[in-house]
Amino acid sequence: MNLIALLMMVAAVTPSATQDDNVEWSGISHLTSYDRAPKCPLGGETFAVQIRTFNNDLSGMTVWTDDGSGLVSAGGVRIGTRGPYDIWEAQVPATGNNALTYYFELIDGTDSDYYGKAGMSDNVPVGNEFGIDYTNLTHAPYGATVHPGGGTVFRVWAPGATTAHVRGEFNAWGLGDPMTRVGEDFIRFVPTADANEQYKYFFNPGNNWRTASRSRSINSGDNNNSRIIDPATYPWGDAGFRTPPFEEMVIYELHVGSFVGRNDGGSSPPKYREVVDLHIDHLVALGVNVVELLPVTEFPWDFSAGYNPISAWSPEWIWGSPDDLRYLIDQLHQNGIAVLIDIVWNHFSGSDNFLWQYDGTQHYFDDPVVDTPWGAQADFDSPQVRDYYVESAHYWFEEFHIDGFRMDATDFMNMDGSPQSGAGWTLMRRFNDELDNRWIDKISIAEQLPDDSFVTRPTSAGGAGFDSQWHDRFTDDVRAAIFSSAFGDPSMAGVRSVILGSGTNLEFTKAVNYIETHDEAWPSSGGQRLVRTIDTSVPHDDFFAQSRTKLGHALVMFSPGIPMFLMGCEFLEDSPFGAAAPGVPEDERLDWTHATTYSAYLQFFQDMIALRRTISSLRSDSPVRVSHINESGNVLGIHRWTSDGDDLIIVASFNNSDFTDYQVGFPSGGTWNEILNSQADVYGGSGLGNGGSVTTTAGPLDGFDQSGFVTVPASSVIVFQKAEPGPNPGPAVPTASPRGLLVMAVAMTAGAVVMSRRRLVRGVVGA
């Protein structure tokens, strides 16, 4: 099988549907927490219900309701789209009775199927209808749900409590609103409770005050009080935005708590709004199309990288309100930039953990305790705890319009089980299955250290189902080569191997490549900025610090896989990341004067990213062959191409000396333009290059019929593009990277091994 055929089989493609007398069962969803309006109907009132299907699949939809008086139909209409999904809506009539049920009939021409609580079926879902209970309000979402007619419905899971009250500003923090116990839950509609008012739950026995478990906002400045939030009031302006295809993503890792504030007029602590108000122009000019926010959920104290959460729901208050975070995301979307958030489900903070013995008994965490290296693991065996986490993912999609997740330390989601088994593994599989059903255009990325192909294997084949994972082996082998190049002994075979990927489910879009993230730059984990390691003397910006970091980032950008880099890499930031960094306030990790001081270096990043995003052969899923390898000279040649002749030859040199008249193979004869040279004058380099182009003049080399003589500067990367592209099927030799075609990986250097291990012994604020 050739590579193109292989890619066609395994590439993640957004499904398309047609009206073909066959309802497509995948992609159909109705989340009761979000697909009803009002979300919690009261007093027999009429309400709208929605269902989501793939674009263009249905020809019609009907909702069937029964309030005890017999079935009534309500015709549905398609009211709009959200990405690859159509949204259908019907209005359920008002009733004078205390309860009703409903289900959906979905129609594609002559085919009618049905959707109820258990999902799709060929027949009417008798006994699996959705229910509305106007007396006990058991259809209310968990949390605090604002009703558009006034008041708020509160619902909390507290199986160990005998009584519960909701106490807040709306009742002078008194006992006037006892909650009704329904099963293991307590529910109460408070007609005087309005948006933005503070509240807490009060459980007995024990006179136990607790922050709401699913609080949308926590006021850490006032006893961790919860705040009622109405997400419907934010005026979104991103209706035209679409998440970029995975193969086109370029990810920028950003920490809100230290992105602004140093030489840019920003606040201390920084604010969500300042990220875009001060620096949206920088991000747009840089050219990235994805920003990955380090964790933004509530944590103790006023500074953290976010890896010590106390909530999976509430945005960190010190940086602003939930609407301020929505504004950040909205503005990025309006400027063509997707937003991922980093989620930490493997542990909670050891301090300020209000879920610990939440109602006086232990329900959210394993008992006896199961510890990760950073805190106690949640009780993933509990269905309610699993719901807490998975439903939070839908919350971030629905209420914050995010475009995907990076899940922290997936290897520590399963401390009480073995790999590929146990409750944590089951939870990750459910998480990804639900994303693939309702959010197939959004991405899920695992921080899996060490690499594990099962994590990105589809759930249908027994895997965890993540769309991609951090490619740890790429990081270690490329960094090892960069450091070894100082002594003239980098492993080109090791670099070649990781460029090709690490086997099935660890290549192309399944792999996120990087050489520097917050982990690598974190002093408390034994790391520091790459430029400081290469040039230990202040100001950490000598020729080799600039040259080798440009080379490393270029390999990230031009290899198959999704490229990613940490904020500040683009302008040679040398301040360490994290709370333990000496000499710089914790919330001032980026020196924005560097954007001017190192403007030539920044220009290299801008041009490199522009090539990555505009040349189709550089997409994450485009073919690759390491066509040239010179172990003694420390030089690689990389061929990227597409079937329509969009050919590139990328020459990467880890050598500390310049080469002239260096022979490299080319796929075809003629002129090849030098479209990027990391040592060009404009990038602050040595200025040595090829005058804009080279012409093939020599015979066969590197598996090609043509070759040419080029100048290769020290510690450089040069990109050559065919001057007149034409049809080219690519070389006949195998180019995919299944395990049998990869060269054997060279052993990790001691430094690379330390890099991998230190990620597992992170400081109190996590990584």
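A few comments on the model shown:
- Flag for Asn263 being over 22 Å from the mean Cα position of the chain (by Cα) and of a type in the set (S, T, N, Q): yes
- Ile675 vs. criteria part of a strand (DSSP E or B), surrounded by fewer than 23 Cβ atoms within 10 Å (Cβ to Cβ) and of a type in the set (A, V, I, L, M): yes
- Members of the range 175-212 found to be buried (at least 18 other Cβ atoms within 10 Å of the Cβ), polar (S, T, N, Q) and more than 20 Å from Pro159 (Cα to Cα), listed by number: Gln198
- Search result, residues across the range 681-712 that are in a loop (DSSP other than H, G, I, E, B), touching a residue at least 60 places away in the same chain (Cβ under 8 Å) and over 14 Å from Ile650 (Cβ atoms): Gly684, Gly685, Ser686, Gly703
- Scanning the range 204-222 for residues that are over 28 Å from the mean Cα position of the chain (by Cα) and modelled with pLDDT of 95 or more returns Asn204, Pro205, Gly206, Asn207, Asn208, Trp209, Arg210.
- The range 624-660: number of residues that are charged (D, E, K, R), assigned to a strand (DSSP E or B) and modelled with pLDDT of 95 or more: 2
- Residues of the range 139-151 satisfying the condition of being part of a loop (DSSP other than H, G, I, E, B) and closer than 20 Å to Val390 by Cα: His139, Ala140, Pro141, Tyr142
- Enumeration of residues in the range 557-571 that are in a helix (DSSP H, G or I) and in contact with a Lys or Arg (Cβ under 8 Å, 6 or more places away or on another chain): Met557, Phe558
- Candidates are the residues of the range 253-275 that are charged (D, E, K, R) and at pLDDT below 95; the one that is surrounded by the fewest Cβ atoms within 10 Å (Cβ to Cβ) is Asp264.
- Selection count where residues are crowded, with 21+ Cβ neighbours inside 10 Å and either out of contact with any helix residue (DSSP H, G or I) (no Cβ under 8 Å at 6 or more places or on another chain) or charged (D, E, K, R) (or both), scope the range 542-573: 6
- Being closer than 30 Å to Ser627 by Cβ and either surrounded by fewer than 24 Cβ atoms within 10 Å (Cβ to Cβ) or not β-branched (Val, Ile, Thr) (or both) holds for only one residue in Phe454, Phe483, and it is Phe483.
- Of all residues in the range 343-369 being surrounded by fewer than 17 Cβ atoms within 10 Å (Cβ to Cβ) and either modelled with pLDDT under 95 or not assigned by TED's automatic domain parsing to the domain that holds Glu447 (or both), the one that is nearest to Arg406 (Cα to Cα): Gly350
- Consider the range 370-421 and keep the residues that are closer than 22 Å to Phe454 by Cα and acidic (Asp, Glu). The one that is surrounded by the most Cβ atoms within 10 Å (Cβ to Cβ) is Asp408.
- Ile132 meets the conditions (1) touching a Phe, Trp or Tyr at 6+ places or on another chain (Cβ under 9 Å); (2) surrounded by fewer than 21 Cβ atoms within 10 Å (Cβ to Cβ); (3) in contact (Cβ under 8 Å) with a residue 40 or more places away in the chain; (4) not in a loop (DSSP other than H, G, I, E, B) in every case but one. The failed one is (2).
- Just one of the listed residues (Asp476, Asp381) is within 22 Å of Val556 (Cα to Cα) and in contact with a helix residue (DSSP H, G or I) (Cβ under 9 Å, 6 or more places away or on another chain), and it is Asp476.
- Of all residues in the range 684-699, exactly one satisfies the criterion of being of a type in the set (S, T, N, Q), over 38 Å from the mean Cα position of the chain (by Cα) and within 20 Å of Ser547 (Cα to Cα), namely Asn690.
- Assessment of the range 366-383 against the conditions (of a type outside the set (Ser, Thr, Tyr), assigned to a loop (DSSP other than H, G, I, E, B) and either touching a Pro at 6+ places or on another chain (Cβ under 6 Å) or within 20 Å of Phe246 (Cα to Cα) (or both)) yields no matching residue.
- The set of residues from the range 105-124 being in contact (Cβ under 8 Å) with a residue 12 or more places away in the chain and within 20 Å of Ala74 (Cβ to Cβ) comprises Glu105, Leu106, Ile107, Asp108, Ser112, Asp113, Tyr115, Gly116, Lys117, Met120, Val124.
- Test: residue in the range 232-240 that is in a loop (DSSP other than H, G, I, E, B), of a type in the set (A, V, I, L, M, F, W, C), in contact with an Asp or Glu (Cβ under 9 Å, 6 or more places away or on another chain) and under 16 Å from Thr152 (Cα atoms): no
- Of note, Phe154 satisfies the criterion of being part of a strand (DSSP E or B), under 30 Å from Pro205 (Cβ atoms), out of contact with any Pro (no Cβ under 8 Å at 6 or more places or on another chain) and not polar (S, T, N, Q).
- The residues listed here are Gly168, Gly150; of these, the one that is loosely packed, with under 14 Cβ neighbours inside 10 Å and among the small types (Gly, Ala, Ser) is Gly150.
- Against the conditions (1) in contact with a Pro (Cβ under 9 Å, 6 or more places away or on another chain); (2) surrounded by fewer than 21 Cβ atoms within 10 Å (Cβ to Cβ), Ser59 satisfies every one except (1).
- Residue that is nearest to the chain's Cα centre (by Cα), among those in the range 629-669 that are under 16 Å from Asn690 (Cα atoms) and charged (D, E, K, R): Asp658
The values are calculated or read from the model by the stated rules, or taken from the named source; none is laboratory data. Remember, it's a predicted structure, so these values are computed and weren't measured experimentally. In this analysis, Cβ positions are derived from the backbone assuming ideal geometry, glycine residues included, and neighbour counts consider all displayed protein chains.
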